[in-house]
């Protein structure tokens, strides 16, 4: 069942095999055996990319729940051992703002060396992570959101302002602050639908009563910055990632747009001891000392 879920989520036998760390032939054999046992085709192999059949999509949802329950059962005994063990599936973003995630994970590993952590990103950004936490395919997720579905709990980790990023020779570059209304005639590079930063930007521009030209939509900061460098627009992003691009000019925005980093967990399903420890560690990282 674990092999099937890996193949289904990766849409590839080879990437699925890499994920579960076994040879591809073993994964293919296991999935084929599962289909024979169920007397039902779960994967459509007729295309260049693996696709789920309707039966496969239904089975995937239940398989995720079953594997999550199995992990919780296995991890539940960890508290009775001398040292915490288990696994954590953690959703991450392109940027964690002021949270130094690699350093936080390093400290977590030093304290809990037997806990394995699988980092996951989603092309749908925050929206994808919230859905994954809700269905149990992620234990925890870092998200850019201030609200979530009823079955997902959010705990704020950090806040920081968003800034306008433009070329130093742009007409707005000399300003100490810009008002969103100043962007009415600008081309604004925006981020993919589902990203928390996209939702915040769209809401802020709408509240300012403007509808700037937005012909470019990207899914990473570097691409957005590349477009700005080549005079194809300006962009809005949190202050921390913006500070990494020294050749561009960050300008504070009014009214202020606050980017929030939060930790998403299930509000209904029990969380494993390993996931609880990870959540505590991440929340402590940005807590005032």
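The figures follow:
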read-out	value
Crossing angle, helix 125-135 versus the chain [Cα axis fit, 0-90 degrees, rounded to tens]	30
Over the stretch 1-75, relative contact order from alpha-carbon pairs under 8 Å, at least 6 apart, %	29
Sequence ranges 232-244, 49-61, ranked by mean other-Cβ count within 10 angstrom, highest first	232-244, 49-61
Pairwise FRET efficiency - residue 207 versus residue 41, Cβ, R0 = 51 Å, nearest 0.05	0.55
FRET efficiency for residue 70 and residue 147, using Cβ-Cβ distance with R0 set to 25 Å, rounded to 0.05	0.20
For the stretch 114-210: Kirkwood Rh in Å [reciprocal of mean 1/r, alpha carbons]	15.9
Estimated FRET transfer efficiency (residue 1, residue 254; beta-carbon r; R0 35 Å; 0.05)	0.10
Least to most buried among 129, 179, 249 (fewest other Cβ within 10 Å first)	179, 249, 129
Helix-only CD estimate at 222 nm, as mean residue ellipticity for the chain, using -39500 (n - 2.57) per DSSP H run (n ≥ 4)	-12000 deg cm²/dmol
Potential extension, residue 244-residue 185 segment - 0.36 nm per residue separation minus Cα distance	18.6 nm
Stokes-Einstein D for the stretch 1-75, Kirkwood Rh over Cα pairs, 20 °C, 1.002 mPa s (µm²/s)	172
Relative exposure of 33, 74, judged by other C-beta atoms within 10 Å (fewest first)	33, 74
Residues listed by number, the stretch 32-51, amide nitrogen under 11 Å from residue 62 label point at 7 Å toward C-beta	38
Residues 286, 166, sorted so that the one with the fewest Cβ neighbours within 10 Å comes first	286, 166
Segment residue 10-residue 177, extension gain: residue separation times 0.36 nm, minus the distance between their alpha carbons	55.7 nm
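Laboratory data are not the source of any read-out in this text; all were calculated from the coordinates shown. Quick caveat: nothing in here was measured; it's all calculated off a predicted structure. Please note: Cβ atoms are built from the backbone with ideal geometry, for glycine as well, and neighbour counts cover all protein chains shown.
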